Amino acid sequence: MHRLRTCAARLRPLTASQAAAQTAGQPRTNMAAAATTGGTRTFQPIRCYTAPVASEPFLNGTSSNYVEEMYFAWMEDPKSVHKSWDVFFRNANAGAPPGVAYQSPLGLTAAAGAALHQGSPMVGAQPNVEKLVEDHLAVQSLIRAYQIRGHHVAQLDPLGIMDADLDSHVPTDIITSSDKLGFYGLNESDLDKVFRLPTTTFIGGSETALPLKDIIQRLEMAYCQHIGVEFMFINDLEQCQWIRQKFETPGIMQFTPEEKRTLLARTVRSTRFEEFLQRKWSSEKRFGLEGCESLIPALKTLIDNSSAYGVENVILGMPHRGRLNVLANVIRKELEQIFCQFDSKMEAADEGSGDVKYHLGMYHRRINRVTDRNITLSLVANPSHLEAVDPVVQGKCKAEQFYCGDTEGNRVMSILMHGDAAFAGQGIVYETFVLSDLPSYTTQGTVHVVVNNQIGFTTDPRVARSSPYPTDVARVVNAPIFHVNADDAEAVMYVCKVAAEWRATFHKDVVVDLVCYRRMGHNEMDEPMFTQPLMYKQIKKQKGVLLKYAEKLIAEGVVTRQEYEEEIAKYDKICEEAYTRSKDEKILHIKHWLDSPWPGFFTLDGQPKSMTCPSTGLSEEDLNHIGQVASSVPVDDFTIHGGLSRILKGRGTMVQNRTVDWALGEYMAFGSLLREGTHVRLSGQDVERGTFSHRHHVLHDQNVDKRICIPMNHMSPDQAPYTVCNSCLSEYGVLGFELGFAMASPNALVLWEAQFGDFHNTAQCIIDQFICPGQAKWVRQNGIVLLLPHGMEGMGPEHSSARPERFLQMCNDDPDVMPTMKEDFAVRQLFDCNWIVVNCSNPANFFHVLRRQIHAPFRKPLIVFTPKSLLRHPDARSSFDDMLPGTEFKRLIVEEGAAAGNPQGVKRVIFCTGKVYYELVKERKARGMEDTVAIARIEQLSPFPFDLVRSEFEKYANADLVWCQEEHKNQGYYDYVKPRIRTTIERAKPVWYAGRDPAAAPATGNKNTHLTELRRFLDTAFGLDAFKDQQ
């Protein structure tokens, strides 16, 4: 839009020579030059016209104030002025030319009075009141047009070669030339006409009426310069008025000399940091910020102003571009620690694989120099998968708010940075926005900062998005969007001030779109001229934002050139000194880059305080108490559903009989942790009731809408709070959110339940990039629990498999090495693994594994394949005896039946896991083989229970070994357990397979086929001669 001018060409002030040239009939100077030389494209306030002006007989310099007062009085009430003034103002507004609108007062005869009422025939018929109304309505429409579409003609691209909205078309209702006034039924002669301003604009400042040309000029200044404001889609009048006031009020974007000097100093640091890295490591990838150096002062402005509003903790998430600069100049990471990352000879001191320098996070608490208040800044580590960190940041922010009781978001906030291509292209951006206003997920407003390079790697934005702007996704949550030319440092600073104030005022999301460019390629080794030759020819000629701003301040007299050069020299010296110190570093500590420290949980050197895990059992009294809460409604006058009454009654009966089913076992685990002071948070689709209608943690009054009761929060007076929340229909976003929540503190059990186990595959990025390798990459432990309903129930390819093979494949233990058996073997295994994978076959073991998550001296992700049919299976129940003090999670449940009494007579040992155990027990009984076949359940698949499997093997020395699973052979657990069992028994015997044949789909969609497959593998499992031909 930078090429398109407005009718300011008709109205801007003329020099004497220009006036003479126009009088001689020469063409007017083209205003396009103003844009290329940095001039503002606006109407100017000085009035200088070349057209001859006829004067009214009574108008002169001394009477103008009086006439203006009369006019405003007439506008309020035409009857409040003399009839002659009424006629004059009517004629003038009806379009009478100068010198004609005035009529001399007539004599006070009746005829004269009538004539005065009607006006002179010289002007025509009675003045057109309708025309006056129409013109005012037209002006109101014009003002609204600028508010809605002014951003389309704003000068946003620093390079001056692209339209930020990808459209060179100028909206018809934006006045880019005087002939476009006709769209509103106005013409050039109306430009000096004064119009009363509506209440929906602030362009008048203290004035309530303005000439039309001043109205247009002020609208241009507000909406069509280096800031483009998108906000009129917001359906809240108060919020719209607030934004109008911030951008329309004349002279509002003013800065003190001190603010300007601070802005210059920050721009110096941002620019010189990148230049220093380029000088020292010109052949290293660093994803520098060149072309958007104003990001650093933008972030610091956001943080300064948020701190002034009371924010004490800011969690940031960002992609790799500019990350090192943010770490250095925003988070204030020691420069020598950053420079160390470039040394290829440095040895890693921590366990794990580490990560590249532009993925690392950081945590730092310091004094904010502007507000003199404490502020904690944490930049969350993230993978190359753009935008994947967004929900993680939001979850961590929500947790920090929760733990400090910040229900309004006044003390903790999040800032998310994005790239333009990723913001428009990645679906996780939308999933994160969807969470922004949900009760259990809102962070009370996030500031989004888009580094809009106007390119994605090599992809032109015109083929990278279908929307005008990369930020249009934010419109779905009514977030205002402030587009700003990133080469205008003061404009950037102003919109960031407004964004911080918006968030503090309304606690809603806001987007700052920094329209900039990328001076290098995608990285410093990349050649962008291959694909964007014209853009990069312009970039090579482009003067940097630091030089532009420095020249501006020197010209204004705010700083001298010497002061500017001294500021540069001062920061260069800081960098050089840090570079010298970095050479003394010999070891690289990943823990120095930890983004979520847990004070007091580990020893000072980051190790567990012990390597023991206490018993996770409970007293009989505690079990009974929790069972009573689980089977009752602790609120008076609360009517529950009749079917739910039967469920609660059934729970009460189980408690009396000292047994638990799956739902009650989970209730015991959650309730006991809450009573011990551990917060429990369960999130996912339909988790309040449970997908299979088994949980019912939220009771609904059948007579009062939205009245609910959560019995778990009535466990005891000093308990921790229980949060159970149905999520939106998202896996990627919600699992990322819960992962972030679990990052904030080790003293909480955070669980995410998939509606069905296979639904986790739409959250695969969070699992693959964060949960599985998180500790190895970032020395960051996390105790999140994934509950994945799993089981072949004849329900078709979906809703059957939670894909256990994927989780097991990513386990970091070696299948070919038998670990050394020590006293603390079981706990040491857990400490060394990257995550824990279990498939519990009874409620007591599920109860214990959940409690172990908190009682262990460290934190690991826990993957639980939860049952479906076992939820109500009469045999899938546990006794209180398995949950009392001294009991614990059983990694392997041994055979306890007749076979165990005569191990020498056992012909086969079947190892299995999960629900298939109950199919095997039923079949064994039907075949009368309890004495000859032993069945062992491997409850903890990873880390693999080598010691317990060896004990079973040695006990049944004469038996052959079979692994039985209901999943297909190329899926499930077989490929994981077979080599480990073979290593355990030193390959003394083969491990035979009983299960479904290999298949592409997880399960059949035909019920009959499902039963046939079941019968076939049960025959194999119990056919003692089934493997004779394979010997």
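What are the residues in segment 471-494 that are more than 16 Å from ILE227 (Cα to Cα) and in contact with a Phe, Trp or Tyr (Cβ under 8 Å, 6 or more places away or on another chain), if any?
Listed by number, the residues that qualify are VAL473, ALA474, ARG475, VAL476, VAL477, ASN478, ALA479.
Given the residues GLN965, GLN971, which is the only one that is part of a strand (DSSP E or B), touching a Ser or Thr at 6+ places or on another chain (Cβ under 8 Å) and open to solvent by less than 70 Å² (accessible area, probe 1.4 Å)?
After ruling out the rest, the residue left standing is GLN965.
Here VAL495 passes the criteria (1) farther than 26 Å from PHE276 by Cβ; (2) of a type in the set (A, V, I, L, M); (3) free of Cβ contacts under 8 Å to residues at least 40 places away in the same chain except the one numbered (3).
The residues of segment 909-935 that are of a type in the set (Val, Ile, Thr) and either more than 48 Å from the chain's Cα centre (by Cα) or within 23 Å of LEU871 (Cα to Cα) (or both), listed by number, are VAL909, THR913, VAL916, VAL921, THR932, VAL933, ILE935. With the structure loaded, tell me whether GLU954 is open to solvent by 60 Å² or more (accessible area, probe 1.4 Å), over 23 Å from ALA802 (Cα atoms) and touching a Lys or Arg at 6+ places or on another chain (Cβ under 8 Å) or whether it fails that test. When the stated conditions are applied, GLU954 does not pass them. Among the residues making up segment 522-558, those that are open to solvent by less than 50 Å² (accessible area, probe 1.4 Å) and closer than 20 Å to ILE296 by Cα are HIS522, ASN523, GLU524, GLN542, GLY544, VAL545, LEU546, TYR549, ALA550, LEU553. Scanning segment 559-581 for any residue that is open to solvent by 40 Å² or more (accessible area, probe 1.4 Å), touching a residue at least 12 places away in the same chain (Cβ under 8 Å), aliphatic (A, V, I, L, M) and assigned to a helix (DSSP H, G or I) turns up at least one such residue. Looking only at segment 992-1015, residues that are touching a Lys or Arg at 6+ places or on another chain (Cβ under 8 Å) and not in a loop (DSSP other than H, G, I, E, B) come to 4 in all.
Results for (1) modelled with pLDDT of 95 or more; (2) open to solvent by 10 Å² or more (accessible area, probe 1.4 Å); (3) in contact with a strand residue (DSSP E or B) (Cβ under 7 Å, 6 or more places away or on another chain), shown as yes or no for each residue.
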{"site": "ARG872", "(1), (2), (3)": "no, yes, no"}
{"site": "ASP875", "(1), (2), (3)": "no, yes, no"}
{"site": "ASP882", "(1), (2), (3)": "yes, yes, no"}
{"site": "PHE911", "(1), (2), (3)": "yes, no, yes"}
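The residues on offer are THR866, THR820, and the sole one that is at negative phi and free of Cβ contacts under 8 Å to residues at least 12 places away in the same chain is THR820. Of the residues making up segment 369-398, those that are touching a residue at least 40 places away in the same chain (Cβ under 8 Å), over 14 Å from the mean Cα position of the chain (by Cα) and open to solvent by 10 Å² or more (accessible area, probe 1.4 Å) are VAL370, THR371, ARG373, ASN374, SER384. Within segment 399-421, being under 15 Å from the mean Cα position of the chain (by Cα) and open to solvent by 10 Å² or more (accessible area, probe 1.4 Å) holds for one residue alone: GLY419.
Residue under question is ILE771, and the condition is that it be within 30 Å of ARG651 (Cβ to Cβ), open to solvent by less than 40 Å² (accessible area, probe 1.4 Å), among the hydrophobic types (A, V, I, L, M, F, W, C) and touching a Pro at 6+ places or on another chain (Cβ under 7 Å); does it hold? No.
Just one residue in the set ASP758, ASP705 is over 30 Å from ASN1008 (Cα atoms), more than 21 Å from the chain's Cα centre (by Cα) and open to solvent by 10 Å² or more (accessible area, probe 1.4 Å); that residue is ASP705. For segment 450-488, taking the residues that are of a type in the set (A, V, I, L, M, F, W, C), open to solvent by 10 Å² or more (accessible area, probe 1.4 Å) and out of contact with any strand residue (DSSP E or B) (no Cβ under 7 Å at 6 or more places or on another chain), the one that is nearest to GLY419 (Cα to Cα) is identified as PHE457.
Taking the numbered list (1) modelled with pLDDT of 95 or more; (2) touching an Asp or Glu at 6+ places or on another chain (Cβ under 8 Å); (3) buried (at least 20 other Cβ atoms within 10 Å of the Cβ) in turn, GLU805 passes all entries but (3). Here GLY690 passes the criteria (1) more than 17 Å from VAL864 (Cβ to Cβ); (2) open to solvent by less than 10 Å² (accessible area, probe 1.4 Å); (3) part of a loop (DSSP other than H, G, I, E, B) except the one numbered (1). Any residue at all in segment 713-723 that is part of a helix (DSSP H, G or I) and either free of Cβ contacts under 8 Å to residues at least 40 places away in the same chain or in contact with a Ser or Thr (Cβ under 8 Å, 6 or more places away or on another chain) (or both)? Yes: one or more hits.
Any idea which of (1) in contact with a strand residue (DSSP E or B) (Cβ under 7 Å, 6 or more places away or on another chain); (2) open to solvent by 10 Å² or more (accessible area, probe 1.4 Å); (3) modelled with pLDDT of 95 or more; (4) not hydrophobic (A, V, I, L, M, F, W, C) is the one PRO843 doesn't satisfy? (2) is the only condition that PRO843 fails. Filtering segment 808-840 to residues that are of a type in the set (Phe, Trp, Tyr) and open to solvent by 20 Å² or more (accessible area, probe 1.4 Å) leaves only PHE831. Checking the stated criteria, LEU786 turns out not to satisfy the condition of being surrounded by fewer than 23 Cβ atoms within 10 Å (Cβ to Cβ) and not in a loop (DSSP other than H, G, I, E, B).
Comparison of PRO746, PRO711, PRO721, PRO773 shows that the only residue that is touching a helix residue (DSSP H, G or I) at 6+ places or on another chain (Cβ under 9 Å) and under 25 Å from ASN382 (Cα atoms) is PRO746.
The values are calculated or read from the model by the stated rules, or taken from the named source; none is laboratory data. Note that this is a predicted model, so its numbers are computed, not measured. Glycine gets a Cβ as well: all are built from the backbone with ideal geometry, and neighbour counts include every protein chain shown. To get the accessible areas, we keep the full protein, side chains included, count just its heavy atoms, and leave off ligands, DNA and RNA. Shrake-Rupley method; radii C 1.70, N 1.55, O 1.52, S 1.80 Å.
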